[in-house]
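The block underneath contains the structure these notes are about, expressed in structure tokens.
The values are calculated or read from the model by the stated rules, or taken from the named source; none is laboratory data. Owing to the predicted nature of the structure, the values given are computational and were not obtained by experimental measurement. Reconstructed Cβ throughout: ideal geometry from the backbone, glycine too, with neighbour counts over all protein chains shown.
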Amino acid sequence: MVYNGFDFGPYLRVNPHRGILPPVSVTTDEVPGRAGARFRAARLGELTIEVDAELRAGRGDDIAELRHIIAHRLWSPEPAKLVLPDDPFRYHMAVLDGESELDRLWGTGQATLTFRCPDPIAYGSDRSAALDGESEVWVGGSYPTPPTIEAVPTGKNLRVESATASAVIEVAAEGAFDGTKTLTIDCGAGHCELAGLSADSHVTLASDYFELSPGANLIRIEGGAGTISWTERWL
């Protein structure tokens, strides 16, 4: 297990447990005079991952020292990357929740660590592709992911269209685009920067930040060329 960049392999043997899917919450409305209910929406809830842990300690090991090392490395004030041995190429953003039976770990050598993932989706590899005119961008994973686009505008405006998502992002900054400054469009944050400075005011009102779907995505760029990058996301 690797958490927040620290490899617990030399200290703990672990066995993670989690469901095949995060919890699914379904919202319905009662309909007077009709049986059952009307479906409104379904959404994924927070994911909880339980990890059975066994202390790796040999004769002569300083248990108190191990205790402080493990406790220090498990603590994070915010979600951090959690990589589990049964899925080493993906990670969740997780935070240790509750007491997690740590006292029992020191006493018996075994405990269950409980991690909460407010974002229930797993993250995989970072990918990128060149954008110039019309491009087909192939996205791995099994869940939509927001991209980041970096381009050097050469005209009065830069236009990026996802034909797959039926969405367009247009940034118009007459006089600011001189062919040397990099425009960064962060679809996940809904934010745009030009040469490191906010350019949100130059994003047209008709623009929609979009996500890339798993599989083929048709992306068109006008007014410049650049790259599109994303992180694969997995259920």
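What to note about this one:
- Pairs meeting the criteria (first residue in the range 208-222 and farther than 17 Å from residue 189 by Cα, second residue surrounded by fewer than 21 Cβ atoms within 10 Å (Cβ to Cβ) and of a type in the set (Phe, Trp, Tyr), beta carbons under 6 Å, at least 6 apart or on different chains) are 216/138.
- Among the residues of the range 181-219, those that are in a loop (DSSP other than H, G, I, E, B), polar (S, T, N, Q) and under 16 Å from residue 149 (Cα atoms) comprise 182, 207, 213.
- Filtered by the rule that a residue be surrounded by 10 or more Cβ atoms within 10 Å (Cβ to Cβ) and either assigned to a strand (DSSP E or B) or touching a Leu at 6+ places or on another chain (Cβ under 6 Å) (or both), the range 25-37 gives 25, 26, 27, 28, 37.
- When the range 193-217 is limited to residues that are under 14 Å from residue 169 (Cα atoms) and among the hydrophobic types (A, V, I, L, M, F, W, C), the one that is surrounded by the most Cβ atoms within 10 Å (Cβ to Cβ) turns out to be 212.
- Residue list for the range 158-181, filter: modelled with pLDDT under 80 and either crowded, with 18+ Cβ neighbours inside 10 Å or under 14 Å from residue 210 (Cα atoms) (or both): 173
- For the range 148-170, the set of residues classified as of a type outside the set (A, V, I, L, M, F, W, C) and in contact with a Gly (Cβ under 8 Å, 6 or more places away or on another chain) consists of 148, 150, 153, 154, 155, 156, 157, 159, listed by residue number.
- Failed condition for residue 149, given (1) in a loop (DSSP other than H, G, I, E, B); (2) in contact (Cβ under 8 Å) with a residue 40 or more places away in the chain; (3) out of contact with any Ser or Thr (no Cβ under 7 Å at 6 or more places or on another chain): (1)
- Yes/no for residue 171 being part of a strand (DSSP E or B) and either in contact with a helix residue (DSSP H, G or I) (Cβ under 9 Å, 6 or more places away or on another chain) or among the polar types (S, T, N, Q) (or both): yes
- Among residues of the range 9-30 that are assigned by TED's automatic domain parsing to the domain that holds residue 73, those with a beta-carbon under 6 Å from a residue that is among the aromatic types (Phe, Trp, Tyr) at least six positions away or on a different chain give the pairs 28/39.
- Figure legend. Inter-residue proximity from the range 32-47: first residues among the aromatic types (Phe, Trp, Tyr), second residues assigned to a strand (DSSP E or B), beta-carbon distance below 6 Å, spacing 6+ or different chains. Indicated pairs: 39/28.
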